[in-house]
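Read the structure below first, then the notes.
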Amino acid sequence: MTRVAGRNPAISWVAGVLCAGVIGALVWFSMPIVPVVTSFVGDTLRATLP
């Protein structure tokens, strides 16, 4: 990572951890839809393939 003038490494680290936490929370909240999506994709593939 390049050094940018005026950027505090500690604040950048905290912001990175917070962003990773938000992404983790979004993945956690999207987990219940995974079986529905796999079922939908499977049904679609079964309907289109001979």
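Consider T48 carefully, then state whether it is among the β-branched types (V, I, T) and either surrounded by 10 or more Cβ atoms within 10 Å (Cβ to Cβ) or modelled with pLDDT of 95 or more (or both). No; evaluated as a whole, the condition is false for this residue. Return the only residue of S12, S39 being among the small types (G, A, S), modelled with pLDDT of 95 or more and part of a helix (DSSP H, G or I). Exactly one residue qualifies, and that residue is S39.
The values are calculated or read from the model by the stated rules, or taken from the named source; none is laboratory data. Model, not experiment: these values are computed from the prediction. For neighbour counting, all protein chains shown are included, and Cβ atoms are generated from backbone atoms with ideal geometry for every residue, glycine included.
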